[in-house]
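*Asks:* I have a structure I would like to understand better, so I am pasting it below and will then ask my questions one at a time.
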Amino acid sequence: MTATPLVEHCWPAIHAEALQAVATVFERDCGQHEQSLARAAELLDLVRTEGFHGHQVKQWLAETGLGAAWNTALDHGRPRSVAPYLAPLLSGRTADVLSGSGTLTAALARTTHVDAYERVSAYPDEPAVPTRPLEDLWRNGTGFYDTALFATVLHHEPDPAALVERVLATLRPTRLVIVENCLSDTVSSEFHDFMDDFFNLCLNDFDVDCPGEHRTIAGWLDFLGAYGRTRLVHQLTDVTGIPFPYELFVVDVGPKAAR
């Protein structure tokens, strides 16, 4: 199996962005203190040759131990990297909307009241915290939560505005907190898409589409500004297991948005 035409067409740019970023994750987060750059080059070459579903890619990740180490970094280190910055932004009762594996929810729940919601069967493994079906959010009634958290959620949604507006209409939160991976001079849309597919199809088996739209910081500020007073609060450049920064936004919901 070969890489997709889009990956092949964009490969020089993807490789230029991904090589050092993946090497940094290997060295910083996965215990690969020697030859991290060479290991990153091996992995990227395999993905280009084999494609995201290639057996040799998964075999390489297993035999080197880097697959398990990377997942450990994502499951345990990533929440520890983010939760201390995120928890103070959560006001009152918080709904973690599309909470994924639940590891971030679990880290936040140590210091604040937060409930996890996810689409049924979205993840093959048991989440780290009790997780309610997303449909339960729409049945809870207005005013049930003070804050809605979207942690690396909105860029995956084909219609992020529809999700935000349904949360606002149903829950009437006074605050939105958003974690995103923003486009920049060193994070292109192609690199972002490549890493999404790698995480879902190579490192794990979450065979789901990532049809959303990536944005710059300015783009997210513009999008979120429709819902209230919006600000970028943190840019986290060393999130464990993640090869690009996380940006944390807060929206204090305006009266027109909380409808």
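The values are calculated or read from the model by the stated rules, or taken from the named source; none is laboratory data. None of the values given here were measured: they were computed from a predicted structure. Because the Cβ atoms are built from the backbone with ideal geometry, glycine has one as well, and the counts that use them run over all protein chains shown.
*Asks:* Does Glu27 count as assigned to a helix (DSSP H, G or I), of a type outside the set (A, V, I, L, M, F, W, C) and surrounded by fewer than 16 Cβ atoms within 10 Å (Cβ to Cβ)? Walk me through how you get there before you give the answer.
*Replies:* Numbers: assigned to a helix (DSSP H, G or I): yes; of a type outside the set (A, V, I, L, M, F, W, C): yes; surrounded by fewer than 16 Cβ atoms within 10 Å (Cβ to Cβ): no.
The answer is no for Glu27.
Residue-by-condition table, conditions (1) part of a helix (DSSP H, G or I); (2) over 30 Å from Val120 (Cα atoms); (3) touching a residue at least 60 places away in the same chain (Cβ under 8 Å); (4) out of contact with any strand residue (DSSP E or B) (no Cβ under 7 Å at 6 or more places or on another chain):
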{"site": "Phe198", "(1), (2), (3), (4)": "yes, no, yes, yes"}
{"site": "Asp222", "(1), (2), (3), (4)": "yes, yes, no, yes"}
{"site": "Arg231", "(1), (2), (3), (4)": "no, yes, no, no"}
{"site": "Gln235", "(1), (2), (3), (4)": "no, yes, no, no"}
{"site": "Val239", "(1), (2), (3), (4)": "no, no, yes, no"}
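*Asks:* Still on this structure: Can you tell me how many residues within the stretch 111-140 are in contact (Cβ under 8 Å) with a residue 12 or more places away in the chain and either of a type in the set (S, T, N, Q) or in a loop (DSSP other than H, G, I, E, B) (or both)?
*Replies:* Of the residues in that region, 15 qualify.
*Asks:* Take Val47 and decide whether it is over 19 Å from the mean Cα position of the chain (by Cα), β-branched (Val, Ile, Thr), more than 30 Å from Trp138 (Cβ to Cβ) and part of a helix (DSSP H, G or I). Don't jump to the end; show me each part of the working.
*Replies:* Details: over 19 Å from the mean Cα position of the chain (by Cα): yes; β-branched (Val, Ile, Thr): yes; more than 30 Å from Trp138 (Cβ to Cβ): yes; part of a helix (DSSP H, G or I): yes.
Judged against the criteria, Val47 is a match.
*Asks:* Exactly one condition in (1) surrounded by fewer than 21 Cβ atoms within 10 Å (Cβ to Cβ); (2) modelled with pLDDT under 90; (3) hydroxyl-bearing (Ser, Thr, Tyr) is not met by Thr111; state its number.
*Replies:* Only one criterion in (1) surrounded by fewer than 21 Cβ atoms within 10 Å (Cβ to Cβ); (2) modelled with pLDDT under 90; (3) hydroxyl-bearing (Ser, Thr, Tyr) is unmet by Thr111, namely (2).
*Asks:* How many residues does the stretch 38-64 contain that are without any contact (Cβ under 8 Å) to a residue 24 or more places away in the chain and either crowded, with 16+ Cβ neighbours inside 10 Å or small (Gly, Ala, Ser) (or both)? Please lay out each step first, then the result.
*Replies:* Of all residues in the stretch 38-64, those without any contact (Cβ under 8 Å) to a residue 24 or more places away in the chain come to 38, 40-43, 45-46, 55-56, 59-60, 62-63.
Still in the list and also either crowded, with 16+ Cβ neighbours inside 10 Å or small (Gly, Ala, Ser) (or both): 38, 40-41, 43, 46, 60, 62.
Residues in the stretch 38-64 being without any contact (Cβ under 8 Å) to a residue 24 or more places away in the chain and either crowded, with 16+ Cβ neighbours inside 10 Å or small (Gly, Ala, Ser) (or both): 7 in total.
*Asks:* Which ones in the stretch 65-80 are exposed (fewer than 14 other Cβ atoms within 10 Å of the Cβ) and over 19 Å from the mean Cα position of the chain (by Cα)?
*Replies:* Gly65
*Asks:* Of the numbered conditions (1) buried (at least 20 other Cβ atoms within 10 Å of the Cβ); (2) in contact with a strand residue (DSSP E or B) (Cβ under 7 Å, 6 or more places away or on another chain); (3) of a type outside the set (D, E, K, R), Gly92 fails exactly one; give the number of that condition.
*Replies:* Evaluating Gly92 over (1) buried (at least 20 other Cβ atoms within 10 Å of the Cβ); (2) in contact with a strand residue (DSSP E or B) (Cβ under 7 Å, 6 or more places away or on another chain); (3) of a type outside the set (D, E, K, R) leaves (1) as the failure.
*Asks:* What are the residues in the stretch 67-91 that are aromatic (Phe, Trp, Tyr) and farther than 23 Å from Ala148 by Cα, if any? Give the derivation first.
*Replies:* From the stretch 67-91, those aromatic (Phe, Trp, Tyr) are 70, 85; that's our starting set.
Answer for the stretch 67-91, where residues must be aromatic (Phe, Trp, Tyr) and farther than 23 Å from Ala148 by Cα: just Trp70.
*Asks:* Let me ask something else. Mind checking which residues of the stretch 11-57 are modelled with pLDDT under 95 and hydroxyl-bearing (Ser, Thr, Tyr)?
*Replies:* The answer is Thr49, and nothing else.
*Asks:* Going by the conditions given, is Thr152 modelled with pLDDT of 90 or more and on the phi > 0 side of the Ramachandran plot? Give the steps one after another, and end with the answer.
*Replies:* Working: modelled with pLDDT of 90 or more: yes; on the phi > 0 side of the Ramachandran plot: yes.
Spelling it out, Thr152 is indeed modelled with pLDDT of 90 or more and on the phi > 0 side of the Ramachandran plot.
*Asks:* Still on this model: Restricting attention to the stretch 70-104, which residues are farther than 27 Å from Phe26 by Cβ and either touching a Ser or Thr at 6+ places or on another chain (Cβ under 8 Å) or in a helix (DSSP H, G or I) (or both)? Before the answer, list the steps.
*Replies:* Filtering the stretch 70-104 down to residues farther than 27 Å from Phe26 by Cβ leaves 87-99.
Result: Ala87, Pro88, Leu89, Leu90, Ser91, Gly92, Arg93, Thr94, Ala95, Asp96, Ser99.
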